[in-house]
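The values are calculated or read from the model by the stated rules, or taken from the named source; none is laboratory data. What you see is a predicted model, and the numbers here were worked out from it, not measured in a lab. Here the Cβ positions follow ideal geometry from the backbone for every residue, glycine too, while neighbour counts run over all protein chains shown. Just so you know, the surface numbers come from the protein's heavy atoms only, side chains and all, with ligands and any DNA or RNA stripped out. Shrake-Rupley method; radii C 1.70, N 1.55, O 1.52, S 1.80 Å.
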Amino acid sequence: MIKRTLLAMTAGGLLAACQPAIPDSGSINSGRGVGFGDGSFEAEQRARDAALANDSIDSAIAATTPAPADGSPEATAAETARVLAATRPGGASALNPGVTPVNASPSNPPPAAVNAVGISNENNFDAVSGQRSIQDDAARVAANRAQYEVIQPEALPERTASGPNIVAYALQSNQQIGQQIYSRIGFNKARKFERACSQYSHADQAQIAFLAAGGPEKDREGMDPDGDGFACDWDPTPFRRAAQG
């Protein structure tokens, strides 16, 4: 029994000696993986990110770079390379030969505006001063004032009556809409009302025709079936409100 126990212990020691060494699980880089301890992984990651960023910028510039006039692949590639070189640090001078690139600031004057047409002679002091003097301008102002005429206001002409005045009727009457003042008799009042009022595009026109035909006392056409004196839903309220201010 003792021999068997010694043999088992010996075999276990031999197996343990053959196993590879296990990294110290208590170290600061425990569980992070290979390459994290010496910083090589982080450096490679930063290099890859920078390369991807440059590739994205290059692709965006290449996609938006206008093709040369001839449209050949060689000319397009050359134009793209020129734009890429100019947009990278230290390469802006390629687009501005002889001019040192500067950042925008209040000390940088804006470019001079080029106006091929120019301003008119009337607004150009040098041109006007060559054509006439200050005394000439004073004489022109005096001549314009002499021609100025003030027209005095006059009374408005009397309006010629061409038919019933619905404004005067609205102000002279005091009944409300739907308040029966005049008697109305007959059959098919609703049908006659629709047929008569459909002839007019506006209620004012219907009221004028109603008054001209003997209204509000008479209503031969059936334009005022409720007898309030207002034909085809005409409303005197706006005229009354305007008169009241």
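Before moving on, here are some points about what is shown:
- By accessible area, using a 1.4 Å probe on protein heavy atoms only, the stretch 164-226 has 50% of its surface on carbon and sulfur.
- Accessible area of residue 240 (1.4 Å probe, protein heavy atoms only, ligands and nucleic acids ignored): about 40 Å².
- Accessible-area ranking of 119, 181, 151, largest first, probe 1.4 Å: 151, 119, 181
- Exposure ranking of 185, 134, 208, 166 by accessible area [1.4 Å probe, largest first]: 185, 134, 208, 166
- The stretch 180-211: chymotrypsin sites (Phe, Trp or Tyr not before Pro) in DSSP loop, at most 11 other beta carbons within 10 Å: 187
- Normalised by 2.2 N^0.38 Å, where N is the number of residues, the C-alpha radius of gyration of the stretch 155-245 stands at 1.13.
- Distance from the stretch 163-190 to the stretch 136-154 (C-alpha centre basis), Å: 56
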